[in-house]
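The values are calculated or read from the model by the stated rules, or taken from the named source; none is laboratory data. Bear in mind that the values here come from a model prediction, so they are computed numbers and not experimental data. In this analysis, Cβ positions are derived from the backbone assuming ideal geometry, glycine residues included, and neighbour counts consider all displayed protein chains. Note: accessible area is taken over every heavy atom of the protein model, side chains too, but ligands, DNA and RNA are not part of it. Shrake-Rupley method; radii C 1.70, N 1.55, O 1.52, S 1.80 Å.
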Amino acid sequence: QVQLVESGGGLVQTGGSLRLSCAFSGRTFSTYTMGWFRQAPGKEREFVAVISGSGITTSYADSVKGRFTISRDNASNTVYLQMNSLKPEDTAIYYCAARVGAITTLKSRFGSWGQGTQVTVSS
């Protein structure tokens, strides 16, 4: 059973930075593709970024490209989301997700989810 625990959310001003972390346990981390998704109030959960098991391949939503960076440390079973130049529209609950298989941006393809961490960007 995969368990995911996010941390690092908080309140930040426009233009600021945050680094989210997601601790993975229960299976062999390096065999899992890891993704970050977010859900703003009244909106559907949307794709943010994804990284392959090896860490070589990544993909980003257009809305965060150039500002956010996804990375992973397979030695410590952790995936990160570095968020720079934050905007009020980045305010959401951010979720970490895991799947066995190739990179995808589809949330329906991810079988394991964390509980989420709140990110609030003030204007």
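Residues that are open to solvent by 40 Å² or more (accessible area, probe 1.4 Å) and without any contact (Cβ under 8 Å) to a residue 40 or more places away in the chain do not occur anywhere in the stretch 90-107.
What number of residues in the stretch 74-123 are charged (D, E, K, R), outside any strand (DSSP E or B) and within 17 Å of T58 (Cα to Cα)?
To start, the set of residues in the stretch 74-123 that are charged (D, E, K, R) comprises 87, 89-90, 99, 107, 109.
Narrowing the set further to residues that are outside any strand (DSSP E or B) leaves 87, 89-90, 107, 109.
Imposing the further condition that a residue be within 17 Å of T58 (Cα to Cα) reduces the set to 107, 109.
Matching residues across the stretch 74-123 total 2.
The single condition from (1) closer than 24 Å to G10 by Cβ; (2) of a type in the set (V, I, T); (3) assigned to a loop (DSSP other than H, G, I, E, B) that I70 fails is (3). Could you tell me whether any residue of the stretch 67-78 is open to solvent by 40 Å² or more (accessible area, probe 1.4 Å) and closer than 30 Å to S123 by Cβ? Yes, that holds for at least one residue.
Filter the stretch 10-46 for residues that are of a type outside the set (K, R), under 17 Å from V119 (Cα atoms) and within 11 Å of the chain's Cα centre (by Cα) and give the result.
To start, the set of residues in the stretch 10-46 that are of a type outside the set (K, R) comprises 10-18, 20-26, 28-37, 39-42, 44, 46.
Those left that are additionally under 17 Å from V119 (Cα atoms): 10-18, 20-22, 35-37, 39-42, 44, 46.
If the condition is that a residue be of a type outside the set (K, R), under 17 Å from V119 (Cα atoms) and within 11 Å of the chain's Cα centre (by Cα), then L20, S21, C22, G35, W36, F37, E46 are the ones that fit.
Taken over the stretch 19-49, the criterion of being open to solvent by 30 Å² or more (accessible area, probe 1.4 Å), under 17 Å from F68 (Cα atoms) and hydrophobic (A, V, I, L, M, F, W, C) is satisfied by F47 alone.
Within the stretch 50-65, count every residue that is of a type outside the set (S, T, Y) and open to solvent by less than 60 Å² (accessible area, probe 1.4 Å). Can you show your working first?
Taking the stretch 50-65 and keeping what is of a type outside the set (S, T, Y), we get 50-51, 53, 55-56, 61-62, 64-65.
Still in the running and open to solvent by less than 60 Å² (accessible area, probe 1.4 Å): 50-51, 53, 55, 61, 64.
Final tally of qualifying residues: 6.
Taking first residues from the stretch 45-56 that are within 18 Å of N77 (Cβ to Cβ) and part of a loop (DSSP other than H, G, I, E, B) and partners that are open to solvent by 30 Å² or more (accessible area, probe 1.4 Å) and of a type in the set (A, V, I, L, M, F, W, C), the Cβ contacts under 6 Å between residues at least 6 apart in sequence or on separate chains come to S52/I103. Residue check: Q1 meets all listed conditions (1) within 27 Å of S122 (Cβ to Cβ); (2) part of a loop (DSSP other than H, G, I, E, B); (3) out of contact with any helix residue (DSSP H, G or I) (no Cβ under 9 Å at 6 or more places or on another chain); (4) open to solvent by 60 Å² or more (accessible area, probe 1.4 Å) but one, namely (1).
For the stretch 20-35, which positions are assigned to a strand (DSSP E or B) and closer than 12 Å to R72 by Cα?
Our first condition is that a residue be assigned to a strand (DSSP E or B); within the stretch 20-35, this holds for 20-25, 32-35.
Hits for the stretch 20-35 are L20, S21, C22, A23, F24, Y32, T33, M34, G35.
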